[in-house]
Amino acid sequence: MYGALVGSTFGCIISKQFINLRKCDRFWYETQNPFLRFTQDQLSEIRKTNIAKVFCDNSDTIESVQIKAFDLPDDFLNPRMPCKNLPSLDLSHWKDKTSCHLNTDDEGFTVAMGHSHRISPCVTCSCTKEGLICQSMKITNCFELASTYTRELILKDDVCKVQCAFAFRAYPQFETNLDNILGFTVD
């Protein structure tokens, strides 16, 4: 390890220790455990913060600091910056959500935490702590779906088209002036 402060054997030992610490610590901030992990917005905020900003925020006298706080300042490679120019941590991403907001082509929806909303005939979105999670619905009766939603909405939804292709092939003609009998005209 050229230019290292420790030899290769000790460097290997240190790296293995940090790898094990990260992998085995169930509270490590990048864990995949859904009950412990941070949201993507929270992780973005954590990653943009650096030790230089921590020094600035926790000191009464530091007004400028080099970006890589543990390295010597250099006008080109590691310039000093005013503390106010370093990115701050936006704590609003840690605020408990009570709802999620979704904008679709037609309108916007607000979904309460723990609830779901059908945004199209074959797609539903649920508001979770992680944010809005949308997923395809399994359609068991395409003819019932066609009697509930207009043909325009069904044809606009790719999920419906895939699941109900057999119904479109069975009844290929549509009429707009007839009652919405199963969404299709039957001769």
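Structure summary
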| read-out | value |
| --- | --- |
| Flag if Lys53 is over 30 Å from His115 (Cα atoms), in contact (Cβ under 8 Å) with a residue 24 or more places away in the chain, surrounded by 11 or more Cβ atoms within 10 Å (Cβ to Cβ) and not aliphatic (A, V, I, L, M) | yes |
| Test: residue in segment 92-113 that is surrounded by 16 or more Cβ atoms within 10 Å (Cβ to Cβ), hydroxyl-bearing (Ser, Thr, Tyr) and outside the structural domain of Glu45 (by the TED database) | no |
| Residue within segment 165-175 that is part of a helix (DSSP H, G or I) and modelled with pLDDT of 85 or more present | no |
| Residue check for Phe38: without any contact (Cβ under 8 Å) to a residue 24 or more places away in the chain, surrounded by 12 or more Cβ atoms within 10 Å (Cβ to Cβ) and touching a strand residue (DSSP E or B) at 6+ places or on another chain (Cβ under 8 Å) | no |
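The values are calculated or read from the model by the stated rules, or taken from the named source; none is laboratory data. Small disclaimer: the values here were computed from a predicted structure and weren't measured. Using ideal geometry, Cβ is built from the backbone for each residue, glycine included, and neighbour counts are taken over all protein chains shown.
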